[in-house]
Amino acid sequence: MSHQQPLSSSVQPTDIYGGDEVSALVLDPGYCNTRAGYAGEEMPKQVLPSFYGHINGRDVFGDEYIVPKPGFEVRNYMNRDSVVEDWDAATRMWEHVLVKRLQPERSTPPSKKGINISDDGDVPMEDDGNNNEDATDALEKPLAENPLLMTEAPWNSPKAREKAIEISMETWGVPAFWLSKTPVLAAFAAGKATALVIDVGGANTSVTAIHDGMVLKRSIQRSPVGGVWLSSQISKMWDGSEPKVDVVPRFMVESKKPVEAGAPAEANLRKFNFDIHPSFRAYEEERVLTEFKESVVEVWRGPQRFTTPGNEDAVRTQPGRVFEMPDGSNQMWREQRFKVSEGMWDETAAYNSTDEEGRVTKAQTIPALIKAALEGVDVDLRPNILGNVVVTGSTSLLNGFNDRLNHELAQMYPGVKIKIHAAGLTTERRFGAWIGGSILASLGTFHQMWISRKEYDENGAGIVEKRCK
């Protein structure tokens, strides 16, 4: 039998979009960060805060531009449900990261440089200006050569999905587009087509069952108990501690002296001759809270709840963790660092909140979300799904999180084989959905899945609802 010669990379197959030489882009927008990069790579090339600066009617993107200035306001284009709220800002932010930060500088075409101008100053005309308008238009669209795979929350609205394909096709001129749900991609990143995906992110926690690469819609559960909620719990703990802990953001500290644990800070604070906008102050305070979460907060591993009598006393006898504030004041934290995260598992342990957002009900705790998600799944599928529990999201990186999850699942489902898959690398856990998108968009078999420009032109934005299930 004659051995078939492989196609050379310069000859693209005609039946599917793009062939193998696809420089597809992957965009994963979230409430805390927006991640972007090229398909086939291990990590996103660009990770920008989804918070951006607004000053004098102008928007500025990127952490390096979020600095104290008169009238400088910090905004976010997403709401706490991880759904786009301000589409104009979202479009500008995405274009900034996909075009300005990822694409090489484009050379100016000769016609724009004045090279083709003849001696008498006239530009040589083509047969008819109109014929070339489309070609020029295609050239000037910033992403005319890059298919785009975008991620979305499982509860994203049809209207928002249509808006995403519209911006990509009309504004950026992408040749092909695809929209994928974050839990599906996180499962792919873990090498699973069937899984229970527990995504503990910044704005919320969601639990979703995936079967054969499809989201089981009745299983989708979400709750506001994520990283931002945990920050609010830390704030309440600091307010109630003796002595009260005042958060002084880093930008306000000019110099500081080392002090003993528990002693008041000795720091010189910066003086500003303008008012700092409350949104900027809140953004900078969140940085301090995030640092505390990453270095001090821990999850009580179990098997019982932290509130079980005797546990708190046992922790008090163990070494604690010291945390130094930006102004130099520092303190030892022992049992408090477990108590502050316990509300994720046991609503009775959460610090009471006066506002509606910070209050946790039993249904919003992680064990209750898992139970509700599995109740929305066919009984026969449950053992297989519990054998493939995928943990993703930055807040799942808290020390002890996986041990506690294991104990809770074992208590809820005795006799069922439970296996938790949580990437060991911090980056893999933080960028799970992006990595899944990178894998998917670089697969040869995926090329026939893309929604091509031709399909979009024929069917309009509604095609995304039919195709991207």
So, residue 385, is that one at negative phi, of a type outside the set (Lys, Arg) and outside any loop (DSSP other than H, G, I, E, B) or not? yes
Condition set of a type outside the set (Val, Ile, Thr) and closer than 15 Å to residue 281 by Cα, scope the range 251-271, selection least open to solvent (accessible area, probe 1.4 Å): answer is 251
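If you check residue 228 against the conditions, is it part of a helix (DSSP H, G or I), in contact (Cβ under 8 Å) with a residue 24 or more places away in the chain and open to solvent by less than 20 Å² (accessible area, probe 1.4 Å)? Steps first, answer last, please.
Working: part of a helix (DSSP H, G or I): yes; in contact (Cβ under 8 Å) with a residue 24 or more places away in the chain: yes; open to solvent by less than 20 Å² (accessible area, probe 1.4 Å): no.
Criteria not met by residue 228.
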The lone condition residue 74 fails out of (1) of a type outside the set (Asp, Glu); (2) open to solvent by 20 Å² or more (accessible area, probe 1.4 Å); (3) closer than 19 Å to residue 274 by Cα is (2)
Scanning for something among the polar types (S, T, N, Q), assigned to a loop (DSSP other than H, G, I, E, B) and at pLDDT 50 or above, does the range 159-181 turn up at least one residue? no
Scanning the range 290-308 residue by residue, the ones that are of a type in the set (Gly, Ala, Ser) and surrounded by fewer than 19 Cβ atoms within 10 Å (Cβ to Cβ) total 1
In the set 432, 400, 436, 462, the lone residue that is closer than 27 Å to residue 37 by Cα, open to solvent by less than 70 Å² (accessible area, probe 1.4 Å), in contact (Cβ under 8 Å) with a residue 24 or more places away in the chain and touching an Asp or Glu at 6+ places or on another chain (Cβ under 7 Å) is 462
Margin query: Whether any residue in the range 433-454 is closer than 30 Å to residue 469 by Cβ, charged (D, E, K, R) and either at pLDDT 95 or above or under 23 Å from the mean Cα position of the chain (by Cα) (or both) is what I want to check.
Written below: yes
Note on the range 332-375: residues open to solvent by less than 70 Å² (accessible area, probe 1.4 Å), of a type outside the set (A, V, I, L, M) and in contact with a Gly (Cβ under 6 Å, 6 or more places away or on another chain) are 333
Within the range 386-397, residues being open to solvent by less than 50 Å² (accessible area, probe 1.4 Å) and under 17 Å from the mean Cα position of the chain (by Cα) number 6
Selection from the range 199-217 of residues touching a Gly at 6+ places or on another chain (Cβ under 8 Å), buried (at least 24 other Cβ atoms within 10 Å of the Cβ) and more than 30 Å from residue 286 (Cα to Cα) yields 209
Conditions (1) within 30 Å of residue 466 (Cα to Cα); (2) in contact (Cβ under 8 Å) with a residue 24 or more places away in the chain -> residue 237 fails only (1)
Checked 378, 313, 327 against criteria (under 22 Å from residue 413 (Cβ atoms), acidic (Asp, Glu), open to solvent by 10 Å² or more (accessible area, probe 1.4 Å) and over 25 Å from the mean Cα position of the chain (by Cα)); the one match is 378
Going through (1) open to solvent by 40 Å² or more (accessible area, probe 1.4 Å); (2) assigned to a loop (DSSP other than H, G, I, E, B); (3) touching a strand residue (DSSP E or B) at 6+ places or on another chain (Cβ under 9 Å) one by one, residue 248 fails only at (1)
Scanning the range 290-315 residue by residue, those of a type in the set (A, V, I, L, M, F, W, C) and in a loop (DSSP other than H, G, I, E, B) turn out to be 296, 297, 299, 300, 306
- Message: Looking at the structure I just gave you, is residue 126 at pLDDT 95 or above, over 21 Å from residue 202 (Cβ atoms) and open to solvent by 50 Å² or more (accessible area, probe 1.4 Å)?
- Response: no
- request: Considering every residue within the range 275-289, establish whether at least one is open to solvent by 70 Å² or more (accessible area, probe 1.4 Å), part of a loop (DSSP other than H, G, I, E, B) and either within 28 Å of residue 54 (Cβ to Cβ) or in contact with a strand residue (DSSP E or B) (Cβ under 9 Å, 6 or more places away or on another chain) (or both).
  value: yes
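The values are calculated or read from the model by the stated rules, or taken from the named source; none is laboratory data. Predicted, not measured: the structure shown is a model, and the values here were computed from it. Neighbour counts are summed over all protein chains in view; Cβ atoms, including those assigned to glycine, are modelled from backbone coordinates with ideal geometry. For accessibility, only protein heavy atoms count, side chains too; no ligands or nucleic acids. Shrake-Rupley method; radii C 1.70, N 1.55, O 1.52, S 1.80 Å.
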